[in-house]
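The values are calculated or read from the model by the stated rules, or taken from the named source; none is laboratory data. Bear in mind the structure is a predicted one, so any value in this text is a computation, not a measurement. We place every Cβ from the backbone using ideal geometry, glycine too, and count neighbours over all the protein chains shown.
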Amino acid sequence: MAIASAPLPVAPTLALPEHWRAIDFISDIHLTAAMPRTFDAWMGHLLHTDADAVLVLGDLFEVWVGDDARTRPFERLCLDALGLAARQRPIWVMVGNRDFLLGAQALAESGVQALADPTVLRAWGNSALLTHGDAWCLDDHDYQRFRDMVRSAGWQQDFLARPLDERLAIAAHIRSESEHRKQAVTEPAAWADVDPAEALRWLQATGAEDLIHGHTHRPGSSPLATGHVRHVLSDWDLDGDLPRAEVLRLTPAGFERRAPCLEP
């Protein structure tokens, strides 16, 4: 049984210009120096897509332990790529469960705009609720307790006061423990998913028609209830045995899924 859900705060609204023709949604890129093909595909899409804007719905980075990490070569390379893309079109970035310590200042230095979780997107007479999705996986009680802890101001203050190398080691340990727990669940269908009742509660409270989220690595679109459709974004991994990368595009005609645009 899902844990009790908290009262809903007010979700901010992002209204897009009516003259725009397309916007791209991506998430769960999990950028890391160990995945160069994934980085190249991500950067290629940011630079060559013909969309008017790109919205990243969480977990852009595999891990982000504080904005001082931007002094490291790979993190600096990623932020420079964001800056280059942001000079061509607006880029919005929402943090996820892997990179929730990515600060608005680090994004702003690259010309990227921070996107609150959740946010109501209004475009071409329709509305969609955007979220990373991890906060609504209510059946994963252990994760929700962990999430409450690491999102608290006290925990973050203590963590960010530690040396960068120590934070990286802690993050690596947490990630290793998470992978061990996931491997114990042999069927991906048994992994935690967004709670449908919680998603509907948010959709009804915000008046949004569609839900767009990442986190679960189960790409696809399906009805939640009459008048409400859920669109789940793909994770990206072009360096592993099962390459995958997908973009969800919204136009005045509706949603479509496509491969990343790697060249003009």
Q | When residues of region 250-264 are limited to those that are assigned to a loop (DSSP other than H, G, I, E, B) and aliphatic (A, V, I, L, M), the one surrounded by the most Cβ atoms within 10 Å (Cβ to Cβ) | A | Leu262
Q | Neighbours by Cβ (under 7 Å, 6+ apart or cross-chain): first from region 154-176, in contact (Cβ under 8 Å) with a residue 24 or more places away in the chain; second surrounded by 12 or more Cβ atoms within 10 Å (Cβ to Cβ) and of a type in the set (Asp, Glu) | A | Leu164/Asp68
Q: Return a yes/no flag: does region 21-41 have any residue that is of a type in the set (S, T, N, Q) and more than 19 Å from the chain's Cα centre (by Cα).
A: no
Q. On the given criteria, is Trp202 under 21 Å from Asp24 (Cα atoms) and in contact with a Phe, Trp or Tyr (Cβ under 9 Å, 6 or more places away or on another chain)?
A. no
Q) Identify, please: which residue in region 69-114 is under 11 Å from Val56 (Cβ atoms) and without any contact (Cβ under 8 Å) to a residue 24 or more places away in the chain and is, among those, farthest from the chain's Cα centre (by Cα)? A) Gln113
(Q) Considering only residues that are surrounded by 17 or more Cβ atoms within 10 Å (Cβ to Cβ), within 11 Å of His217 (Cβ to Cβ) and in contact with an Asp or Glu (Cβ under 8 Å, 6 or more places away or on another chain), which ones fall in region 235-249? (A) Asp235, Trp236
(Q) Residues that are of a type in the set (A, V, I, L, M) and closer than 19 Å to Gly103 by Cα, at least 2 per element: which helices (runs of 4 or more DSSP H) completely within region 115-226 meet that? (A) 141-150, 153-160, 164-183
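Give the residue, chosen from Ala199, Ala184, Ala192, that is farther than 27 Å from Ala41 by Cα, at pLDDT below 95 and surrounded by 15 or more Cβ atoms within 10 Å (Cβ to Cβ).
Result of the check over Ala199, Ala184, Ala192: Ala192.
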Q: Considering only residues that are under 28 Å from Gln144 (Cβ atoms) and polar (S, T, N, Q), look in region 114-133 and name the one that is surrounded by the most Cβ atoms within 10 Å (Cβ to Cβ).
A: Thr131
